[in-house]
Amino acid sequence: MPDHAALLALAVTAAKAAGKELAARKEAFLCFDLTFGREIMLIAVRASEAMILSILRDGADIDILAEESGLHGTPDGLLWAVDPLDGSENYIRHSPNCGVSIALLNHGEPILGVIHNFNLGETWTGGVDLPAELNGKAASVSEVYDTKDAVLFTGLPVNADYSPDGLAKMGQSFSRWRKIRMIGSAAIAAANVVSGRADCYTESGCKLWDVAAGMAIVRAAGGRALITDGAPDAPRTIYIDNGKLPLVEPFA
């Protein structure tokens, strides 16, 4: 039986070390490495990931799935899911909504996670048999029960349906919510649900490393987290909420 508290402490150490480097060396890191359409890879991403992988490997013999370098080992059993910089466009533009996200999965199920927003000095942690916390203090989801009173965090993938019919359907879906927010970071969006700053976060086209930590932490906070099936590196649809709202497609 893995020591969840010890493994979470290891993940926190790795996330904070990487976050410190990302903050301290931001100007040096802001050098474009490679651009695929609207997805920008930074020197910062590779430097952060290398630091995280080194710390995790030194602390535990567990396979790793990382955004930049892919799968190291097998997805079966215990597996770290590492996002070395979630919200890279925000990082480039000096927006505070970005961070480091690390989760531990057991046979594909997130069991603990840390999300570290190094810009704001906010660190969310939690998991199975571990409390949900923000900077060491208890965090809990909101008490909102109706979408008309709820704040939804989401994002619009590049390959979404932007035809007139698609936009009409999107507008109808958005009209059910009190407010819609798009902040450009899946991990930070999920963390906002953990703290009750938002009531729901859902998005298509996410990768497991984007959302696994948020899933583990929001469940520890009393919320709900669902994700569509897929290969470790396949795009997924994620749904995270306070556990009180009615489910939406494709989970309804």
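Here is how the numbers come out for the structure above:
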read-out: Given Lys26/Lys179; Lys16/Lys207; Lys148/Lys207; Lys16/Lys137; Lys179/Lys244; Lys148/Lys244, the pairs whose alpha carbons are separated by over 24 Å; value: Lys26/Lys179; Lys148/Lys207
read-out: Shape category assigned to segment 207-252 from the gyration tensor of Cα positions, a/c cut at 1.5; value: oblate
read-out: Relative contact order of the chain, pairs being alpha-carbon contacts under 8 Å that are 6 or more residues apart, as %; value: 17
read-out: Amide hydrogen neighbours beyond the local backbone of Glu122, cut-off 5 Å, H modeled; value: Asn117
read-out: For a label point 7 Å along the Cα-to-beta-carbon line of Met182, residues of segment 201-234 with backbone N under 16 Å; value: 201-206
read-out: Under the Karplus curve 6.51 cos²θ - 1.76 cosθ + 1.60, θ = phi - 60°, whole-Hz ³J(HN,Hα) for segment 104-117, x wherever Gly or Pro sits; value: 10, 10, 10, 6, x, 9, x, 10, 7, x, 9, 10, 10, 8
read-out: Among 208-219, 140-151, the order from most to least packed when residues are scored by Cβ within 10 Å on average; value: 208-219, 140-151
read-out: Student exercise, segment 182-248 dipole from Lys, Arg, Asp, Glu Cβ charges, in Debye to nearest 20; value: 180
read-out: Against the rule of thumb 2.2 N^0.38 Å, how large the Cα Rg of segment 129-229 comes out; value: 1.12
read-out: Carbon/sulfur fraction of accessible area - the chain, other protein chains in place, 1.4 Å, %; value: 52
read-out: Total formal charge among the other residues, if their Cβ is under 14 angstrom from that of Asp76, Lys/Arg +1 and Asp/Glu -1; value: -2
read-out: Where the chain is the region considered: accessible area per residue in Å², 1.4 Å probe; value: 45
read-out: Segment Asp149-His94, extension gain: residue separation times 0.36 nm, minus the distance between their alpha carbons; value: 16.7 nm
read-out: Three semi-axes of the equivalent ellipsoid, segment 85-135, Cα gyration tensor, whole Å, largest first; value: 24, 14, 5
read-out: Scaled radius of gyration (Cα, divided by 2.2 N^0.38 Å) that the chain gives; value: 0.96
read-out: Check: segment 62-120 dipole with +1 on Lys, Arg Cβ and -1 on Asp, Glu Cβ, in debye; value: 220
read-out: 5 angstrom amide H check on Glu67, placed H, neighbours 5+ away; value: Val82
read-out: Prolate/oblate/rounded label for segment 45-112 (Cα gyration tensor, a/c 1.5); value: prolate
read-out: For segment 103-144 versus segment 180-252, the gap between their alpha-carbon centres in whole angstrom; value: 13
read-out: Evaluated over segment 180-245, the Cα radius of gyration and Dmax, each in Å; value: 10.7, 31
read-out: Given charges at beta-carbon only (K, R positive; D, E negative), |dipole| of the chain in Debye; value: 820
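The values are calculated or read from the model by the stated rules, or taken from the named source; none is laboratory data. Note that this is a predicted model, so its numbers are computed, not measured. Neighbour counts run over all protein chains shown; Cβ positions are idealised from the backbone, glycine included. When the accessible area is computed, the model is the full protein with side chains, heavy atoms only, and any ligands, DNA or RNA have been set aside. Shrake-Rupley method; radii C 1.70, N 1.55, O 1.52, S 1.80 Å.
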